[in-house]
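Structure record follows, encoded as structure tokens.
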Amino acid sequence: MEHLFQDIQYLKGIGPKRSQQFKRLGVENIFDLLWHVPRAYFNRGNPDKIRSLIHGEFAAVRGVVKGTHASRSRRGMNIFKAILQDDSGAVTAVWFNQPFLAGIISSGQEIFVSGKVKGSPGALELNVSEYEVLDETSQHIDVLPIYILTEGLSQKALRAIMMNILPEYLPSYPEILSKDIKEEYDLCDIAFAFYNLHFPQDGKAYLRARKRLALEELLLFQISLRLEQAKSKPQSCVVHLEKTNLVQEMWKKLPFELTAAQARVVDEIYQDMETPCRMNRLLQGDVGSGKTIVAALAMAKAVSSGFQAAMMAPTEILAEQHYMSISRLFAHCDVVVARLTGSTPPGERRMILEALASGQIDIVVGTQALIQEELGFWRLGLAVIDEQHRFGVKQRALLGLKGDMPDLLVMTATPIPRTLALTVYGDLLVSIIDEMPPGRKAVKTKFIRNSDGEKVYDFIRTQIHDHGAQAYIVCPLVEESEKQDLIAAVTLYDELRNNIFSDIQVGLIHGRLKQAEKELIMERFKRGEVKVLVSTTVIEVGVDVPEATIMAVVHAERFGLSQLHQLRGRVGRGKKQSYCFLIGDPHTEDGYKRLKIMEKTNDGFILAQHDLIIRGAGEFWGVKQHGLNQLKVANLVKDQKLMEISQCLIKKLNLSDYDYLERYINEKFKKNQHIAGN
Ligand code: ADP
Ligand code: MG
């Protein structure tokens, strides 16, 4: 198997120059090359007759070049035309901005083109999106792969290389499935699969190949998770057995009665904590369903059993808020709660690190600052990760590595289907809070065009004057640039404060403020001194001010569904009617759809499904989710069935048989050791 990892530079027909081109595609060895699967196919088996071409339709035509013509448009665009003829008629094929074609396509050649048909009968043109000059090597194959290329590397060259390596290297490619399993699930051999994914014999062979390779990827991903988890799996893990009556005390003094769903998940968590098997539980619950209290009760159990607990949140604002509410919950008990974030002053930080190491602190709430290397615990028994989708796998794992195998509770308001959760996270258990605290009214959501934006501000004025309401106004998300976000927020803030809301207290919050400034402004908003809070997306997750009842999002079309739902989740947390205004002019069909779906439903589970389908799983998690962006064949939205099969298979396989695969797995998922930044 080793020679699969051999540098492609030494392959026949590939030298240092070519191998540089391949590097740009992320292809370094034979293994990568085999997994460099086609992005599409070119099917020459059944071309359209030129006579039957119709304006506006997509067509594929095979014909002989009768003449060519290169020209330049007035705007300086290069245009290349070729007249193509088959036995039914002729059509003009048109290419834009590919001046080099004059050296490739010439009269007398047989070529194959596909693209969109334009014009009227008798004067039809075909705007070429793919083309192929037929020559001896490719003439006898009907379906040709279309690969992602890079400068200097042509389809033809890449196909020739593939044709060479497939027969040579596939025989030694590891086959990880037994004959029985392949029969049971109707799966083809791995070699057949690779061959037919690159050069399908026919449609049926392609489908079988795709099924096998998609499953192969899912399975490898599962195996990689298991191997990793096995490595960190302790012989035994902390067991939480209460030694004090802290938990009973907490229950007695809860500020409200738990919903049935909250009580159930607390129970599930407590059972896990009492066993010597490490808890690895995902708690899913829509925004506002009350996950924080569940986490607090779990931490109470840890502390009562003589351990420390840690809770990590993705933003400083959220960490601060958790620190406040958790301190409040434990105020009447003898429990020391501390906070640690990136803005904790050095002196204080040193003291906290010492107190954590010596056990003087029972509970610590913080940001990624909690996973810094110098930080050590005296006895960490439980690690909670809030809004886990905002963290990378590595970061989650790092908190879990602190202490002696603490139990893990990860929480999210971005729910995903069960099979997918299992596929993505491995052997974790899922708890769901499927009930909202009583008395909540559904947030009324309205999509508003920019031209009507003023009406929203008028509404906010009236609500503030007549009902003492409070509002968030969230500013455009400017792609990739925190600085631009800030400028947009400051501009809007100045405008609102000087004009529309000149007699109302308006505040501004954004990521660049110092921690103390952020705290101050949040405090003033909580106390109702600030009525309108203009903000960047720093308040996106977790922020809890029940008195706030209006959320207005400016340029709402720039936000994804999950984000909009999170933002909307900042209101509707009290008993009063809340409103959410999504202001914007979507430019795309998808953008429009998103805003309309938001109007229709408040259900985060439904929205997450839509989001997953609209964006695809890779985008949904971004590159933060390790390994997922390396799936080249499998589709986490569409391949539900295959995910189920991979779940079944993983249980049947003996993992220790797969130690030899470690290299192979590392290769497959190597380019994904991203750590999410924030
Ligand atoms: P999320 O699940 O979004 O993290 P939070 O934990 O922030 O939700 O809770 C949302 C709000 O609901 C908070 O103000 C919290 O105090 C309140 N809350 C949580 N559980 C209950 C309950 N059982 N009854 C009444 N209010 C509750
Ligand atoms: Mg929360």
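Things to note:
- Cross-link pairs exceeding 29 Å between alpha carbons, from the set Lys291/Lys576; Lys291/Lys518; Lys118/Lys638; Lys253/Lys526; Lys455/Lys526; Lys49/Lys593: Lys118/Lys638; Lys49/Lys593.
- Working ranking of peptides 287-297, 463-473, 361-371 by packing, defined as the average number of other Cβ atoms within 10 Å per residue, highest first, is 361-371, 287-297, 463-473.
- Remark: the chain carries a charge dipole of roughly 1000 debye about the Cα centre, counting +1 on each Lys and Arg Cβ and -1 on each Asp and Glu Cβ.
- Judged by the ratio a/c of the largest to the smallest principal axis of the C-alpha gyration tensor, the stretch 281-350 counts as oblate, that ratio being 1.5 or greater while a/b is no larger than b/c.
- In the chain, helices alone account for a calculated mean residue ellipticity at 222 nm of -12000 deg cm²/dmol, with every DSSP H run of four or more residues adding -39,500 (n - 2.57).
- Evaluated at q = 0.20, 0.21 Å⁻¹: base-10 log I(q)/I(0), Debye formula over Cα of the stretch 444-601: -1.41, -1.57
- Cβ crowding within 10 Å ranks Glu529, Glu110 as Glu529, Glu110, fewest other Cβ atoms first.
- Potential extension, Leu134-Leu520 segment - 0.36 nm per residue separation minus Cα distance: 131.9 nm
- When each of Lys253, Lys651 is scored by the number of other beta-carbon atoms lying within 10 Å, the sequence from fewest to most is Lys651, Lys253.
- Given R0 = 22 Å, the distance between the Cβ atoms of Glu151 and Ala102 translates into a calculated FRET efficiency of 0.70.
- Taking all Cα pairs closer than 8 Å and separated by 6 or more residues, the relative contact order of the stretch 246-433 comes to 32 percent.
- Compactness check for the stretch 384-476: Cα Rg over 2.2 N^0.38 Å is 1.66.
- Three-way shape call for the chain based on the alpha-carbon gyration tensor, with the a/c threshold at 1.5: oblate
- Here r is the Cβ-Cβ distance between Asn635 and Asn164 and R0 is 30 Å; the resulting FRET efficiency, rounded to 0.05, is 0.55.
- Rg(Cα)/(2.2 N^0.38 Å) for the stretch 84-152, N = residue count: 1.21
- Average Cα contact separation per residue, the stretch 174-248, under 8 Å, 6 or more apart, as relative contact order %: 21 percent
- Translational diffusion of the stretch 40-146 was estimated from the Stokes-Einstein equation, with Rh taken as the Kirkwood radius over Cα pairs; at 37 °C and 0.692 mPa s the coefficient is 234 µm²/s.
- At R0 = 25 Å, FRET efficiency that the Cβ-Cβ distance of Arg328 and Arg379 yields, to 0.05: 0.50
- The C-alpha atoms of the stretch 185-277 occupy a region whose extents along the principal axes are 70, 34, 19 Å, arranged from largest to smallest.
- Between the stretch 416-466 and the stretch 267-330, the C-alpha centres lie 22 angstrom from each other.
Read-outs: derived from the displayed coordinates by stated rules, not from any lab. Values in this document were obtained by computation on a predicted structure and should not be read as measured data. Using ideal geometry, Cβ is built from the backbone for each residue, glycine included, and neighbour counts are taken over all protein chains shown.
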